[in-house]
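Written out below as structure tokens is the structure these notes cover.
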Amino acid sequence: MNAPLDGIRVIDVTTRWGELAGRVLAELGAEVFKVEPPDGCESRRLGPFAQDAASDAEGESLYWACVGAGKKSIVVDEVEPLLADADVFIESGRRADLSALYPQLVHVSITPFGCTGPMAETPAAEVTVEAAGGLVGLQGDGDREPLPMGAMPQAAFHAGVQAAADVLVALFERDQSGLGQHLDVSAQACVVWTLMNATGYPPNTGRNPPFSSEYRAQVPAASTPAPRLRLPGLVSCRDGLIQVRFQMRVIGERTFDGLLRWVEASDADVPESVRGLDLNAWMAALRRGELDIEAAQAAADLIVDLLATKTKQEIQQYSADHGLTVAAIHTVPDLLRDPHLADRGFWIGTPRKGRGSRLMHAGPFARMSRTPLRLDRSVPALGSSAPPGPRHPAGIEPHPRDAPFAGLKVADFSWVGVGPMIGKALADHGATVVRIESASRADLLRTVPPFKDGEPGLDRAQFMANFNTSKLGMTVDLKNPQGPGLARRMADWADVVLESYSPGTMARFGLDWETLAADRDDLVMLSTSIRGQTGRERGYSGYGGQGACIAGLYELVGWPDRNPCGPWGAYTDFITPRFGICAVVAALMHRRRTGLGQHIDLAQVECGIRFLEPLILDYAVNGRVAERLGQGSPSLDPHGVFAC
């Protein structure tokens, strides 16, 4: 079975800023040659190290085992002689324009601040790029300094996967025009895309977003809907912490009510004032003055008491089975023993040469039905491959350039974050994308501030606009007898269908993969959800905030002497789309060659896990559990956020 990037040759000279790009391209079938100096590339000297060592002189780099997996290592004096026969050149520098010499080459520069602008030459560390991208200023506890992400290089990883997505778009376009191009990837710009709706506050309200700058110590009003109602965000359970979101409209209210039903089904002594209390619309009841505050508080206290007797896994499974927004705060060891990931065969054990232990690598970032990702996790020894020889690929007669996806039709049934951002990327590059929304339930992002001119309205939220520019839009009432038929017509019209509902939802309307693909072989369909389309917790519903908890990312952001505070916002919502774009474009490249489409299962938790994979390898090899570092760094000192 041919991989989407079979026959694509990549020359990779990246530093830590961009190493992940080559790893992703290799998984999609490209032949990636890592060009190294005689003493090895920078990533071989980055921790953590096997044998709990302090440097690569004492033990192998587990960071390199992550970013170098699937590549070929070559040691050469000059890079440019390799470019004449290459399709893609990835670097972390700013070389001069190469298009005159190598017109077929897709040339990628992955740098902290981009190739142009006043900060282009500014020295950078992970923390400075996270700060310059706005993320640090939004994170942490309000009574202490802001916090970076901590133990893992998130800005560099975002930039690497974004670069891989951009390469795929450029290769897709090259198949039409015959020409390569230069791609300028800024890690800072990639971080800005993690800020959710924060960027909308200055232009729309004239002030900074809540929980930043002068508002840092203030608790947002939405977090305290009733001054006398104490609703916890983190709750202790038998083996750790879980996150509960009672204050989220609809899904949070359903969670409050559903957990109370669990209490009632237990052996707890439930007062008559609480038993049968309907909390499905408690926030509206509160606004009307109809909520019994004392009864609601008693219900919350009973829920906390019940959860203290349960394990993370019991709570997580109950939430998946009953549609509740409760998320386990997973640690790295939790991930390796997670039964849902085991159901999906996620972990890949790779023997270590000459050693008894195994490297436990994260599995595929997407499940592709016709072109599964290559799962080669072998780590190349320095100079273990010969430099690639000359070749004579079939040339493409240059044609006038057009947008990469001009003529492509996309039916976007997704909502909120991940799916809409994938659809936006396709639309921004020329596809005709029709966003299909429910006529009865507005997308959550339409109701979230800031609003244009400060005036609320379903068409005035910048949050919604951020993820849906360049698209067309329509609404469909699926409860109307004619609604499912109209939705089906849109799906049949499309080359690509995107959806982000809980598994089983699309099937209820005859819009699932099996039904849509029954009479057409060319459909590309992406289904994205928190836990994927298979496994015991496939029914789990939530957002990127819950995804960050389950993926182990939440646990690692915070102060060592306090509970974790987690990354800003719906964090996995900004990791997953980058991987999703890679998968969709790879599927389109395969379709162009074969005429065959496929289904893509994109689990948001599994994409998030990829961003802490070196820490998983560290635990698997050394038994060391990653911990919160506050403002610390595993390798730099001094390191932190300081007043100025």
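Here, each number is a calculation from the coordinates, and none is a lab measurement. What you are looking at is a predicted structure, and each value in this text was computed from that prediction instead of being measured. Because the Cβ atoms are built from the backbone with ideal geometry, glycine has one as well, and the counts that use them run over all protein chains shown.
What to note about this one:
- Under 5 Å, built H, 5+ apart or other chain: amide partners of residue 182: 107
- Residue 286/residue 514 FRET efficiency (R0 25 Å; Cβ-Cβ; nearest 0.05): 0.05
- Note on the range 409-607: with charges restricted to the Cβ of Lys and Arg (+1) and Asp and Glu (-1), its dipole about the Cα centre is near 160 debye.
- Calculated FRET efficiency, residue 234 to residue 561, Cβ-Cβ distance, R0 = 22 Å: about 0.90 to the nearest 0.05.
- Which of 499, 272 has the fewest Cβ neighbours within 10 Å, and the rest in rising order: 272, 499
- Hydrodynamic radius by Kirkwood, which averages 1/r over all alpha carbon pairs of the range 246-324, in angstrom: 12.8 Å
- Kirkwood Rh (inverse of mean 1/r, distinct Cα pairs), the range 434-566, angstrom: 17.4 Å
- Count, lysine Cα pairs under 18 Å in the chain, 8 or more residues apart or across chains: 7
- Whole-angstrom Cα spans of the range 10-130 along principal axes, big to small: 48, 35, 28
- Viscosity 1.567 mPa s, 4 °C: Kirkwood-radius Stokes-Einstein D of the chain over Cα pairs, µm²/s: 50 µm²/s
- Length gained when the stretch residue 440-residue 6 is fully extended (0.36 nm per residue, less Cα-Cα span): 151.7 nm
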